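Scroll down for the structure; my scribbles are underneath it.
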Amino acid sequence: MSAALATYGLGRRFGSKWAVQDCTLSIPEGRVCGLVGANGAGKTTLLRMLAGLSTPTTGDLEVCGRRPCDDVAFLSDVGFLAQEIPLHKRWNAEDHLRFGAAMNPRWDDDVARERLTALQIPLQQPIRTLSGGQRAQVALALCLGKRPRALLLDEPVAALDPLARREFLSSLATAVADGDLTVVLSSHLVTDLERICDYLVVVAASRTMLAADIDDVLASHRLLTSARRDASVIERDHVVLQRETTQRQTDLWVRLNGPVHDPAWQVNELSLEDIVLAYLGSQHPLEQKQQLGTVAS
Amino acid sequence: MMMFRLAAKSNVPPYAQLAEQVRQALMTGVLREGDRLPTVKEVVGSLAINANTVLKAYRELEHEGLVEGRQGIGTFVLRRPDGPPPGTHVLLARSLATWIAKARKAGLRDADIESMVRSTLTSSTSEEATA
Amino acid sequence: MTWLIWRQHRMQSAAASVMLAAFAILLAITGVTMANDYHNALSSCSQRGVDCSGLTLFRGDGAIIDLVNLTVAVPLLIGVFWGATSIGREYDSGTNVLAWTQSVSRRRWLAAKIATLLVTSLLAGTALSVMVTWWSKTLNLYHGNRFDPLEFDIQGLSPVAYTLFAAALGLLAGVAWRRVLPAIATTVGGFVAVRLSIENWVRPHYETAVTVLDPTVGKGTPNGAWSFNTDLIYKGQVVDGPVRVPTGCAGSGSRDAMTSCLQQHGFHFRSTFQPASRYWPFQWIEAGIFVGISAVLVAVAVYLVLRRDA
């Protein structure tokens, strides 16, 4: 399966501070990828570079087979929903649909309009009178009407109440189920992401800590518990993300490279949230398995 | 038409939960032979989950021979899983309710009841194994 | 893109058209009236054979004259309401990201925005100038003061050039600050500073002023010229302060007789001015300066929008 989004040693610096460093990712087509990390970890910067809104300082990237650039071919393939959900406040939803039609050659008015009518969003009322959840749905409809191949969403549900949040993710999930769409959405909460995503990228302090299929992540990470003992064999054979030692007990959060042979270790499964927390607190950025190469233009 | 539910903090992966709910529905008669399962899109829309989760669940059921996917039309029930006829569940549930009422009246808390059920299950399984 | 431009500008086009139309009607009526009054007064005066240079007219027209003079502020208003909001408001509300993540390139969006701003500013400035210049014809004849600072600013090419400048300044301010309020403040401050500086310190020097000793008797500074100062010279020195009229001249009849009498007593007039013939060259030079500044401002704005992150 080819990669819908790929980065090679991508970095972005603002003044002396690096917002994103050394990011090498390959997100396969058709995935719903969750991008998780604390505020300020570099999620927004990464998404903006993928959308072509921000120019990288170092490294390279490719979205839908193209390097981000200022032309119709790239722009019509990629959709972006910014965190503040920018819309023209004095316009109504109908104006936004006309806007979409005027600005996008591949505009599918039925798709966008049906979404809004199904959600009973009034098309003639000014946007500023709609609720946060309704605005998010209008913005999503605008993105989907464009028929992109990749859709990037920056913390789309952060400001929504639980019901609006569920409805938004529902809408997004059905759009993906229709086929032909790769989604990357960021959040600082794992719980938002784990239902709808099947691929996970964890960033912390501008570095990428993890990038893999969620099924693989759940299958390969374990909590090893034992009466206090030496962990050097485990450390040699696997990747220890975090450890906690008390007088009586040793706990290790581990990414396994194979089975654990020592029966003294009790092997427990970990929830996705626990795994992410272990990465956020660890010192192991994702190893660079791919060569830094040039991207075909 | 059956409704799916996902337990938020369960250790059971979502696709397994969905598959199990289909099996339960078949056992209790909510779903019958020839019924169409909800489409992937319907499930995804109502639960806000990934489409692959639903596909995986349906594929597992297909492997077990319980359902059959027909391209472009949907996924249809082939047969019930092996097990007691639908009525049995209702009868057993009723006698269970009576027993629980008795146990509570005798002073057992729900947690005691649960651990009693679990230990009895375990011991009876090992008895059957040795029998 | 066309739809977007129209949708974003329809209110302001309507408002501007209405205001210009109302102003045009007002000027049309008063202008025709003033022209008639002037020509009637002139013909009746020359019929009576009196010196017609002392006509007193247009006393009651103070309000309309003030209103026309106030149009000197219109370029700045356009810079604030059209220029500073053009792109500044898009950055402020984030709708620039909305526009740049559709399928239209940033370059094309920017070109359309800037073209719309410059064309509408040009049209508004030209319409205003045509109306005010036409209306002022009578007053120009009557007072001969179109080269004076305020009148120079509101007639001819000046309003057009100032409007373009204000729009370009507002555009750049909005792009630089990415917020509307600071952009407006910068536009006002910058516009006033540049206009006043050029008007006071640069315009007088577009060509070297002409200095004439004892200009044609009876004329003083030639009509229609931009007078800088007129000095009274006695024995080679500029006369400050009050002067005692020599006794021999006290009873002179007309102004011309008084002037020649003073000259015979050693008093001379020295006039420094820009002659009326230089009016249009000065208009072109000033317009050229402001258009040149506008071009630079627009170029910087383009660079910032395309090179900076969204």
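Residue check: is B:Gly107 in a loop (DSSP other than H, G, I, E, B), free of Cβ contacts under 8 Å to residues at least 60 places away in the same chain, within 14 Å of chain A (Cβ to nearest Cβ) and more than 17 Å from the chain's Cα centre (by Cα)? So B:Gly107 does not fit the description; no.
Residues that are more than 15 Å from the chain's Cα centre (by Cα), within 14 Å of another protein chain (Cβ to nearest Cβ) and not small (Gly, Ala, Ser): which helices (runs of 4 or more DSSP H) entirely in the range C:46-155 hold 3 or more of them? Correct list: C:88-93, C:95-100, C:106-143. On the given criteria, is B:Ala51 closer than 30 Å to A:Glu194 by Cβ and within 14 Å of chain A (Cβ to nearest Cβ)? Spelling it out, B:Ala51 is indeed closer than 30 Å to A:Glu194 by Cβ and within 14 Å of chain A (Cβ to nearest Cβ).
Give me the residue from the range A:8-27 that is in contact (Cβ under 8 Å) with a residue 12 or more places away in the chain and surrounded by fewer than 18 Cβ atoms within 10 Å (Cβ to Cβ) and, out of that set, farthest from A:Thr45 (Cα to Cα). The qualifying residue farthest from A:Thr45 (Cα to Cα) is A:Ser26.
Of all residues in the range A:147-165, those being of a type outside the set (Gly, Ala, Ser), within 17 Å of the chain's Cα centre (by Cα) and not in a loop (DSSP other than H, G, I, E, B) number 4. Residues considered: C:Val132, C:Val119. Of these, the only one that is out of contact with any Cys (no Cβ under 8 Å at 6 or more places or on another chain) and more than 30 Å from A:Pro105 (Cβ to Cβ) is C:Val132.
Rundown of residues vs (1) buried (at least 23 other Cβ atoms within 10 Å of the Cβ); (2) more than 28 Å from B:Ala8 (Cβ to Cβ); (3) in contact with a Cys (Cβ under 9 Å, 6 or more places away or on another chain); (4) among the hydroxyl-bearing types (Ser, Thr, Tyr), yes/no style:
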residue	(1), (2), (3), (4)
A:Gln134	no, no, no, no
A:Pro156	yes, no, no, no
A:Ser170	no, no, no, yes
A:Asp180	no, yes, no, no
A:His188	no, no, no, no
A:Ala205	no, yes, no, no
A:Leu210	yes, no, no, no
A:Asp215	no, no, no, no
A:Leu241	no, no, no, no
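Restricting attention to the range A:107-119 and to residues that are within 14 Å of chain C (Cβ to nearest Cβ) and surrounded by 13 or more Cβ atoms within 10 Å (Cβ to Cβ), the residue that is farthest from A:Pro148 (Cα to Cα) turns out to be A:Ala112.
Applying the criterion of at least 1 residues that are touching a residue at least 60 places away in the same chain (Cβ under 8 Å) to the helices (runs of 4 or more DSSP H) found wholly in the range A:70-143 leaves an empty list. Within the range A:69-88, one or more residues are under 23 Å from C:Asp92 (Cα atoms), at pLDDT 95 or above and within 13 Å of the chain's Cα centre (by Cα). Could we say that B:Gly107 is modelled with pLDDT of 90 or more and at positive phi here? Answer is yes for this residue. No other residue among A:Asp215, A:Asp192, A:Asp154, A:Asp180 is within 13 Å of another protein chain (Cβ to nearest Cβ), on the phi > 0 side of the Ramachandran plot and of a type in the set (Asp, Glu) apart from A:Asp180. Of all positions in the range C:157-172, at least one carries a residue that is outside any helix (DSSP H, G or I) and farther than 25 Å from A:Ala139 by Cβ.
Given the criteria over 28 Å from the mean Cα position of the chain (by Cα), surrounded by 13 or more Cβ atoms within 10 Å (Cβ to Cβ) and in the same structural domain as C:Gly88 (by TED's automatic domain parsing), does C:Leu262 qualify? In short, no. Annotation: of all residues in the range A:145-187 being of a type in the set (Ser, Thr, Tyr) and touching a helix residue (DSSP H, G or I) at 6+ places or on another chain (Cβ under 7 Å), the one that is modelled with the highest pLDDT is A:Ser186. Each residue in the range B:33-72 was checked for being farther than 22 Å from A:Thr191 by Cα, touching a Lys or Arg at 6+ places or on another chain (Cβ under 8 Å) and part of a helix (DSSP H, G or I), and 1 of them qualify. Of all the listed residues (C:Val291, C:Val298), the sole one being in the same structural domain as C:Pro159 (by TED's automatic domain parsing), β-branched (Val, Ile, Thr) and over 21 Å from the mean Cα position of the chain (by Cα) is C:Val298. Residues in the range A:47-102 that are of a type in the set (Asp, Glu) and within 19 Å of C:Met1 (Cα to Cα): A:Asp70, A:Asp71, A:Asp77, A:Glu94, A:Asp95. When the residues of the range C:128-152 are filtered to those that are surrounded by 19 or more Cβ atoms within 10 Å (Cβ to Cβ), out of contact with any strand residue (DSSP E or B) (no Cβ under 8 Å at 6 or more places or on another chain) and not polar (S, T, N, Q), which remaining residue is nearest to C:Ala225 (Cα to Cα)? In this case the residue turns out to be C:Arg146. For the range A:138-145, check the following and say yes or no: at least one residue is within 11 Å of the chain's Cα centre (by Cα), at the interface with another protein chain (Cβ under 10 Å from one of its Cβ atoms) and surrounded by 20 or more Cβ atoms within 10 Å (Cβ to Cβ). No, every residue in the range A:138-145 fails to be within 11 Å of the chain's Cα centre (by Cα), at the interface with another protein chain (Cβ under 10 Å from one of its Cβ atoms) and surrounded by 20 or more Cβ atoms within 10 Å (Cβ to Cβ).
The values are calculated or read from the model by the stated rules, or taken from the named source; none is laboratory data. Predicted, not measured: the structure shown is a model, and the values here were computed from it. Here the Cβ is made from the backbone with ideal geometry for all residues, glycine too, and neighbour counts use every protein chain on show.
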